[in-house]
Every structure is written in structure tokens, then in C-alpha cells.
Amino acid sequence: MSRSFPTHALTTTFAQQYQTIRQHFFDRDPDRWPVYRTPELAHWLENGMHPVVADTANPLSQQTHVPEQSDISATTLPHLARQAATYSKDWTSPRAVENVITAPCDPAIHGALLATMANPNLVYSEYAGMSVELEKTLVRQVANLIGYDPDQATGIVTQGGTFGNLYGYLMGLRKQFPLSGQRGLQGQDFRMINSLAGHYSNMTNLGLLGIDIPNQVLRIKVDANNRLDLDDFAYSLNHCLAEKIPVPTILLTFGTTDTFAIDDIERVYQITTQACQRFDTSVKPHIHVDAAVGWPLVMFNDYDFAANPIGINAATLNKLQALIPRIRGLRFADSITIDFQKWGFVPYTASLVMFKQHTDMEHLKQDPHYFSYFESSKTQQTHLQSTIECSRGAAGAYGSYCALNMLGKRGYQTMIAHSLQNAEYLKAHLDALPHCKVVAGDNLGPTVAFRLYQPSPTLDVNAMFQQEQTLHQVGARIDSITQHSLFHRQHFLARQGKKLQTNWVESIAHTEFDSNGQCLFIPGEKAVFLNPYTRYTHIDEFVASICTEYTEQLV
């Protein structure tokens, strides 16, 4: 099945721009990046990576002891280490679109390698030297991209997005209960607020903090596109503040993992400000945004949509321009989780938590007597006394800095647009299939979530999906959801790994909420186009495989 979608066609300008950025920064070219001529790396790159076969013997499982003697004759890395790398997941494969993971760019790889050799510890200036200034420079650059005042903002390079979200929760608690760092939270009544569609770390972090999740956490409903329901949020927040129940942190999402929903941060800020004024709340809730995946969209904050210099196709350009107010809304957050290791094309781990006001770090400070073996005059040069970590490696900072400053905004715009155009192209194809429903299709992002239905001459996927979403009580329609879910699951397993390597998701949508705020989750499939190597041809092959399977079902 071949269809034409003129508004999704790649422009000549974009194709040329994409080819240039890919060749310079993603091609592992030893002529541009001589380190790839290192024998071990050259051999590994030449032979490529291999998928793990279920019955493949694992020699690593037989190794239990450290060798007695040094291998002073060695001129290469241990064989088993190279073998483990060979049989790791290949994120450079154009078919790898399972989740929010991608292949790092060449500048970031080299930046991380440079930091690994220099080995600075960013937690303390004496251990890091000028690497501290590189981290501060990275923070200022990101502040400018977001719309923060770079002279007022600050940030911490940390180990993954979960840590970033943990900082957001912890900041709210310290603001609300200044003595909690010493005396804990016992006896304190409060409510944390987050979205039902948020990342699982939004909940696991609460457990780490010892919070009574059933009684001290309010999970806000989401709309049909998995965005925070503003009415439910406003009701929940106003009810808490009216009862004088503190709300330390409101945790929002800028690009959910499965359907790329973006919460309306500016509106949440306005609702929160009005509620605090109405109820004379002395300490405002801390608004933290989990933008781990979606943050690179800030590269388009000042994009000239009229001139469209990189030639983004019409279908994507129009949706991106309409999204700009939501993107600019990030500046209303008090803190933000950013993962360079995802859509930033930087190796693991490379995360950054940004704070709008550097003075907020005072709330996280611990007793200075804990740090007695550090020079007191130098402890203010980093956030030593305010960090969760006692060691902070610099590979993430160096990799992120090198990626930002070598690709530049234009390079990032090109690769982000590449992802968005791929996603919109797949959506257009899937929308044209009689047995497929694209979920949250209006959301613009690299994620495509969809649901396949069992073939039937009378099938109307839109009506069927709406019927599933409007389910109010247990009955025959639950059986219908189960029936179609089993069909899709079997369909997925039959072609798994043959074309695009998509992922099965237990919740890409949900039924309506009942009077107790409960709902049923609807499963489906997703593809996430962070991959810089995936092209339209790979998407065409994937759609053709779905059509073939569907035709066979009708026979």
C-alpha cells in the first residue's frame, strides 16, 4: 500500500540540511573524528553490533574471579568487554525506535571521553578546577534557551532524570518545611500534586522521600490527550489551600514518555498564583517540570516560522508553530528536569536540573559542619552543601556542552525537526489504515502511539475507540477492549523486530474517570523517533508490514 501525503514530503532544503548535520556529527567518520581509528573502536565499528539470540552462550556468566596476575602484554581491551559491547542494544540501527533513547552524536562522545580522562568531580571546585566554569556556562546557555534570566538561574548536572525530579520534590519540601532536613516530616500534613500521566519516577521518588503516598499525594486526572486536566488541578489545589493544607510541590510534564503530552505550565502557574492570593498562602507551591524528553523544543523559541530557514515541511511546521506558547511556558517553572541523554544526543548519563532562582539553593543547604574537611572559602564555588550527590562526574557536562556548542541551535533544530517529521509521517500513514487508531494524534512530538483493531467489514475505529474511552462501568465493552487488545498484542508479537522495533505499552489511553476518580487503562503500541538514522523508507516498510498482516487476517 503506497499513499502520498504532500504536506509531509521532505523539502529539498531540509534534506540537504539534514544530510549535512548527520555527516558532520553522527556518522562516526574517522576523517573528522580520528579517535575512531583506535584499533578496538575501528574494528567494533566496522563489524557492527549484533542482536542477542536467546540461545547464545554467555561466557561472562562463567567468570567469577579476578585474575591473579596482571596482563602486562595486553594491547587491547579484554575480549569479553568487547563482546559485551558487540551484543548490546544497537541504537544506531535505523529500526531502533522503542523508547526515549537514541544514539549519541560524535561531539558528545568526544566530550564525555575528554571528561573521563580529566576525571573532575564537580561537587567541589578544588576537585574540578575549570570544569566548574564549564558547568556554569552550560547552565547559563540552557537558561537562555528556556527564557530564564541567566544571571539569576542556576543548575546542577546530575545522574539521570529521576534525580532531577527528586530535586524538584525536595526543593518544595525544604521551602515549605525549613526544618525538615534535620527533623524530618513526621506529623506534617501536606499534599504533593502530580499528573496521572507523569513518568514513574514521579511516584517512586515520593517513596524514597518517605511520603505517605495514599494519603499525601494527589494524582490529577488527564484529558483525552493525556495532558493535565486543569479543572481537576484547580479544584484539588484550591481545596487544599482552603483547608490550610500545604502543597510543597506541583510536578508537571513537558512531553510524556508514551504520547508526548505537554502540560500547560503557564496556566498552572496562573491558577497557583491566584489560589495563593485568594487563600493568603505564605509559601507558594514549588512548580517543577519534568521536561526530560521534551526540552529540546526550546530550540524553536525564536525560530523564524515565516522564513522557515531549514525547510520544515508544512504539516510539521504548522503544528510546531501552534505549540510555541506551550514551549515558552517553560519559563514559568521554578525548576526543570532536562535530559541531554535522550533527545539531546549525549551519552548516558547526562542530566541537568535547572532552577529559576539561584537563591533557592539555600533551601537545600545542609549543616556546614558536615563538610569540615573542605576549605570553607571554596565551598561556595559549587553547590557542595546543597547537592544530593557526594560525587558528581563531569562526563555529562562535557558531553552536553560539546553537543550544544558544535551542533548549535541550527543543528539541533534540524535533528529535532527530523524526529518530528518522521513521527507526523507515520501518523499520516496510520490514520489512513481502516483498522488503526492513532492515540493523541494532535500532540506534536517524536512519539506515535496507536491501537490496532480486529478486522471487521463494519469496523469504525474512531467510533470503537470513543466507545472504549467513554466506558463508565464494567460490562460487555470491557470484553471488547480485551478482545481488541489481545488481537493487537498478537499482531505486535508476530512482527516484533522485523521492521521498526516498536514497543508495547500497557497504557496509551484511558477510560473516563468514575465518581471515585478511577479509570481503566487501554494498551497499545508506540514508536519514538529520536533516532537520527531513521528515514521515511524505514517507516514505509513498517506500514507495509502492518498492511500485509491486516490483509492476511481478512483472508
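The values are calculated or read from the model by the stated rules, or taken from the named source; none is laboratory data. Here the structure is a predicted model, which is why all the values come from computation and not from measurement. Quick reminder, even Gly has a Cβ in these numbers, built from the backbone with ideal geometry, and neighbours come from all protein chains shown.
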Just wondering, is there one or more residues in the range 373-386 that are closer than 14 Å to H288 by Cβ, of a type outside the set (S, T, Y) and buried (at least 21 other Cβ atoms within 10 Å of the Cβ)? no
For the range 221-257: of the residues being assigned to a helix (DSSP H, G or I) and aliphatic (A, V, I, L, M), which is surrounded by the fewest Cβ atoms within 10 Å (Cβ to Cβ)? A242
Scanning the range 92-119 for residues that are charged (D, E, K, R) and either more than 15 Å from G344 (Cα to Cα) or not in a helix (DSSP H, G or I) (or both) gives R95, E98
For the range 514-555: of the residues being of a type in the set (D, E) and at pLDDT 95 or above, which is surrounded by the fewest Cβ atoms within 10 Å (Cβ to Cβ)? E541
For I193, state whether it is closer than 22 Å to N226 by Cα, surrounded by fewer than 18 Cβ atoms within 10 Å (Cβ to Cβ) and among the hydrophobic types (A, V, I, L, M, F, W, C). no
For the condition over 28 Å from V35 (Cβ atoms), surrounded by fewer than 22 Cβ atoms within 10 Å (Cβ to Cβ) and of a type in the set (G, A, S), what is the one hit in G147, G172? G147
Take the residues in the range 1-31 that are surrounded by 13 or more Cβ atoms within 10 Å (Cβ to Cβ) and among the charged types (D, E, K, R), then tell me which one is nearest to the chain's Cα centre (by Cα). R22
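Can you tell me which residue is nearest to the chain's Cα centre (by Cα) among those in the range 371-402 that are part of a helix (DSSP H, G or I) and polar (S, T, N, Q)? Let's see the steps before the verdict.
Filtering the range 371-402 down to residues part of a helix (DSSP H, G or I) leaves 371, 376-381, 384-386, 395-402.
Remaining after also requiring polar (S, T, N, Q): 376-377, 379-381, 385-386, 400.
On the way: S376: 37, S377: 38, T379: 32, Q380: 31, Q381: 30, Q385: 28, S386: 25, S400: 15 Å.
The qualifying residue nearest to the chain's Cα centre (by Cα) is S400.
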Any hit, the range 427-438, residues being assigned to a helix (DSSP H, G or I), under 19 Å from D339 (Cβ atoms) and not small (G, A, S): no
